[in-house]
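The values are calculated or read from the model by the stated rules, or taken from the named source; none is laboratory data. Computed from a prediction, not measured in an experiment: that's the story for all the values here. Here the Cβ positions follow ideal geometry from the backbone for every residue, glycine too, while neighbour counts run over all protein chains shown. Keep in mind that these areas ignore ligands, DNA and RNA; they rest on the heavy atoms of the full protein, side chains included. Shrake-Rupley method; radii C 1.70, N 1.55, O 1.52, S 1.80 Å.
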Amino acid sequence: MEIFLQQLINGITLGSIYGLIAIGYTMVFGIIGMVNFAHGDVFMVSAFIAMIFFLLFTTVLGVSSVIMALIAVMIIAMVLTGLLNWAIERVAYRPLRGSFRLAPLISAIGMSIVLSNFIQVAQGPRNKPLPPVLSGTITLMERNNFAATISYKQIMIWVVTAVLLAGFWYVVQKTPLGRAQRACEQDRKMAALLGVNVDRTISLTFVMGAALAAVAGTLYLTYYGVVNFSDGFTPGVKAFTAAVLGGIGSLPGAVLGGLLIGLIETFWSGYFSIDYKDVAAFSILAIVLIFMPQGLLGRPEVEKV
């Protein structure tokens, strides 16, 4: 029971990070039908931004409060990463929006390589560590010399994820921007005829997805304490897998898919072999898609005749 509880805690923590990244994938796909394969590297860039500013605040400026430093770092990372994704959309995606379907995909892969190589050149190929942050733990259950614990970092990740998802749901469901996004998702041409600024809505969607990826990058850095220029690929692919598993285009599906991928990985690592945790996650994805091609919460695609 102790091992099960510990793996459950670890899985929810990892799945929360995947879910935040997956929302960026599913939002962009829902509105313009494109898979933004550079999104994982945007997440990686945000982790480096968070690391640089956290070290700047704590070592150079002498900020003693870790919580205040993390809040400031998270806000800065959200702003800078949002501007980066806005620029990527304007330069690499918007000119190709009316082109054939593979052109934006190739451009996204190119942007992914550009971001990864830029960070490799600017920061070096080695792992970049961060001093321990919020190192305390709470013991929930202990038996047979094994203690199930939850750390303050994990509590922070859960709280931040829940608050952001609630706020994000409110924006999408209850605000004019959310109505514009849902209108563009249903029919961009009709939305434009009804007065919706489609270009502005798509740009803001990229900014919102990048802001959530920046939060995920800051939480990832805080949780693992290290970041590398190649860290955009694996979490990005798993977050995209989570979006597909939950139902690409569905926001609740992206969160559910992220939690499921995180739980599958941690439980497989805890009870079987850590070497095959990725195999287990992708195998379950394949099995789900065989019986539910639209994903767990996705809507079946209806073709207009």
### Task
Mind pulling the angle between the C-alpha long axis of helix 198-224 and the longest principal axis of the chain? Nearest 10 degrees, somewhere in 0 to 90.
10
### Query
What's the angle, to the nearest 10 degrees (0 to 90), between helix 233-246's Cα axis and the longest principal axis of the chain?
70
### Estimated dipole of segment 2-230 in Debye, rounded to 20 [Cβ of Lys and Arg +1, of Asp and Glu -1, Cα centre]
500
### Task
Could you work out the per residue convex hull volume over the alpha carbons of the chain, in cubic angstrom?
149
## Note on the structure
With a 1.4 angstrom probe the carbon and sulfur portion of accessible area for the chain, in percent, totals 68
### the chain: angle of helix 66-88 to the longest principal axis, Cα-based, in degrees nearest 10
30
### Query
I290 label point, 7 Å along Cα→Cβ, cut-off 12 Å on backbone N: hits in segment 253-273?
none
### Task
Keeping to pairs on different chains or 8 or more places apart, tell me how many lysine pairs in the chain have Cα atoms under 29 Å apart.
9
### Task
Order these peptides, 128-134, 236-242, 40-46, by their mean beta-carbon neighbour count within 10 angstrom, highest first.
40-46, 236-242, 128-134
### Task
For F4 and R143, compute 0.36 nm times the residue count separating them, minus their Cα-Cα distance, and round to one decimal in nm.
48.8 nm
